[in-house]
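A.B. asks: Dumping the structure here so I can ask a few things about it.
The values are calculated or read from the model by the stated rules, or taken from the named source; none is laboratory data. These figures come from a predicted structure and were not determined experimentally. Methodologically, a virtual Cβ is constructed for each residue, glycine included, from the backbone with ideal geometry; neighbour enumeration extends over all protein chains shown.
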Amino acid sequence: MLRRDFFKQAALIAGSAAVGSTTVDADTTTHPVDNRKVADIAFPQKRPLITYSDRPPLLETPREVFANPITPNDLFFVRWHMPMIPTYINPHYFSIKIDGEVEKPVKITVDSLKDDFEPVEITSVLQCGGNSRSAFHPTPGGIQWGPGAMGCAKWKGARLKDVLAKAGLKKGAAWIKFHGLEKPVYTKTDGFVRALELDKLHDKIIIAYEMNGEALPYLNGFPVRLILPGFYSDSWVKMLSNITVTGTKPKLHFMDHAYRVPDNECECETPDNLAAKTKPIEEMNVNSLIGYPTSGIQVKQGAKLIVRGVAFDGGHGIAKVEISTDGGTSWQKATLDDGTQGSYAYRSFRHTLMPKQAGTLSIMARATNTKGETQPFAEEVKWNRGGYKYNGIDEVTVEVIS
Amino acid sequence: MRKQMVTAVIAAVLITSLGAEENKAEIQKGIKMPYMAFPMKQGKGMYSTKGKCNMCHSWGYVLNQGPQSKAFWRKKVIKMIDVFQAPIKNEDIDEVVEYLYKNYGNGKEN
């Protein structure tokens with residue numbers, strides 16, 4: 001298939017909002033499903049969002065929100081694993097219990113977290129590993145997210161390292177397990193527990209009690225959640241209530257079977273030849289999204305059209321974002337913001353276009369990080385069974401009217 | 001006219017002060033989660049499947065997996081039993097898988 005034909009087809013698919021209504025002939029990666037409508041019902045502390053499930057709540061942020069580098073709390077995406085989520089927490093009684101391979105098990109309250117530790121602020125992207133999963137074909141299992149299972153907020157909290165020091169790590173400590181208050185229906189079931197190798201602990205990992213200057217919304221993990229800048233959100237445990245230090249790698253369903261990609265150079269495989277070895281998804285790859293314009297809108301011929309969006313990676317930093325209006329043949333550099341929010345934050349970009357011809361106009365955005373890693377075209381993104389780490393070049397299609 | 005303006009000002013003041021108290025009040029009260037209906041496709045095994053899956057999660061969680069093969073749905077059902085202790089008896093697995101595949105299938109066995 002010629003690239004041009006491919007994009008025409010991809011644009012058609014992008015325009016259809018029904019979940020899973022993919023009629024692509026071959027098993028080729030496309031753009032993720034775009035422009036799904038927000039629900040009629042708003043969830044607590046949220047504006048109406050694209051809603052895949054109410055129990056557990058699975059909410060996606062609409063594309064236009066990504067015209068700005070900070071995602072407001074009430075528009076921030078939501079993804080829980082377990083159906084039982086506390087709907088009331090008294091922050092004065094809540095505490096994080098730290099035990100296991102520590103000198104002295106401790107309980108740390110939210111007030112103690114705020115008063116007894118040096119506060120740290122970091123602006124960081126929080127992205128689901130399965131963001132844009134609907135781009136992959138054949139359809140991998142999991143929620144068929146569009147591109148909005150992500151957001152970027154300014155988080156404030158205490159360093160995990162400092163909090164662990166309060167309990168004192170024993171010599172044999174090697175792994176840190178995290179558990180929040182979400183619960184399965186059956187008590188026998190494994191909860192959503194994640195673990196981090198102690199070697200990977202660094203100063204930027206914090207336990208946050210503030211998100212964009214406010215208490216975290218319940219659905220984003222009130223009163224505290226783990227922040228792992230640069231990593232996909234699978235370990236950003238919400239309503240963090242237990243930290244257990246272990247000497248050996250714990251056996252956990254959500255570590256051993258979920259959020260993994262093939263352990264090979266391309267992190268890819270085919271349905272007929274699945275990779276034997278897998279590894280955790282961990283660091284985010286370079287990615288970008290156009291927040292404005294969105295597909296399907298009409299713009300005036302000869303009038304300024306300011307393309308806006310966000311770019312990010314796993315913390316190396318964005319070097320450039322380029323825009324193409326000819327299907328990826330030629331590229332023009334977009335203007336980046338001053339980067340003062342740091343390399344874990346969205347780097348916002350803007351680029352002014354002046355559409356000369358009436359008709360359909362395709363706008364693509366491609367980010368490159370400081371390591372020289374760049375986004376592939378959507379159809380070049382290789383498949384994996386979990387539908388993780390999609391980072392295809394984004395494209396929106398608008399209609400230029402004379 | 002003047003009276004209307006005064007009323008508007010009072011209303012604005014009330015709204016502002018409510019806004020300031022909002023965060024605190026919400027934390028004290030907690031939140032109330034809405035219910036959203038995700039209609040199921042009518043078909044043989046619908047009620048049985050509904051009862052089994054909805055014990056733990058919404059129907060949205062199922063239908064938003066996208067259309068899948070029969071083998072996929074079977075694997076999912078077995079995972080729900082083995083990993084998440086779903087109360088689905090061995091003799092009921094086929095009925096659930098058939099319903100899922102017939103109504104949310106991609107036409108492929110594997």
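A.B. asks: Take the residues of segment A:77-104 that are away from chain B (no Cβ under 11 Å), part of a loop (DSSP other than H, G, I, E, B) and at pLDDT 95 or above: which is nearest to B:W59 (Cα to Cα)?
C.D. replies: Only one residue tops the list, namely A:F77.
A.B. asks: For segment A:204-240: of the residues being more than 21 Å from A:Y346 (Cβ to Cβ) and more than 14 Å from chain B (Cβ to nearest Cβ), which is surrounded by the most Cβ atoms within 10 Å (Cβ to Cβ)?
C.D. replies: The selected residue is A:V237.
A.B. asks: So which residues in segment B:85-100 are crowded, with 20+ Cβ neighbours inside 10 Å and touching a residue at least 40 places away in the same chain (Cβ under 8 Å)?
C.D. replies: Listed by number, the residues that qualify are B:V96, B:Y99, B:L100.
A.B. asks: Scanning for something away from chain B (no Cβ under 14 Å), in a loop (DSSP other than H, G, I, E, B) and touching a strand residue (DSSP E or B) at 6+ places or on another chain (Cβ under 8 Å), does segment A:179-197 turn up at least one residue?
C.D. replies: No, every residue in segment A:179-197 fails to be away from chain B (no Cβ under 14 Å), in a loop (DSSP other than H, G, I, E, B) and touching a strand residue (DSSP E or B) at 6+ places or on another chain (Cβ under 8 Å).
A.B. asks: Shifting gears a bit: In this structure, does A:V381 turn out to be under 22 Å from A:A153 (Cα atoms), among the aliphatic types (A, V, I, L, M) and in contact with a helix residue (DSSP H, G or I) (Cβ under 8 Å, 6 or more places away or on another chain)?
C.D. replies: It is false that A:V381 is under 22 Å from A:A153 (Cα atoms), among the aliphatic types (A, V, I, L, M) and in contact with a helix residue (DSSP H, G or I) (Cβ under 8 Å, 6 or more places away or on another chain).
A.B. asks: Within segment B:57-71, take every residue that is assigned to a helix (DSSP H, G or I) and in contact (Cβ under 8 Å) with a residue 24 or more places away in the chain and give me the one that is farthest from the other protein chains (Cβ to nearest Cβ).
C.D. replies: B:K70
A.B. asks: Any idea which residue in segment A:63-76 is farthest from the other protein chains (Cβ to nearest Cβ), counting only those that are among the polar types (S, T, N, Q) and within 22 Å of A:I143 (Cβ to Cβ)?
C.D. replies: A:T71
A.B. asks: Please find, within segment B:44-56, the residue that is nearest to the chain's Cα centre (by Cα) out of those that are surrounded by 14 or more Cβ atoms within 10 Å (Cβ to Cβ), assigned to a loop (DSSP other than H, G, I, E, B) and more than 7 Å from chain A (Cβ to nearest Cβ).
C.D. replies: B:N54
A.B. asks: Can you spot a residue in segment A:151-169 that is in contact with a Leu (Cβ under 8 Å, 6 or more places away or on another chain) and surrounded by fewer than 18 Cβ atoms within 10 Å (Cβ to Cβ)?
C.D. replies: The answer is yes; a qualifying residue exists.
A.B. asks: Next up: Looking only at residues in segment A:32-49 that are in contact with a Lys or Arg (Cβ under 8 Å, 6 or more places away or on another chain) and buried (at least 23 other Cβ atoms within 10 Å of the Cβ), which one is modelled with the lowest pLDDT?
C.D. replies: Looking at the filtered set, the residue picked out is A:D34.
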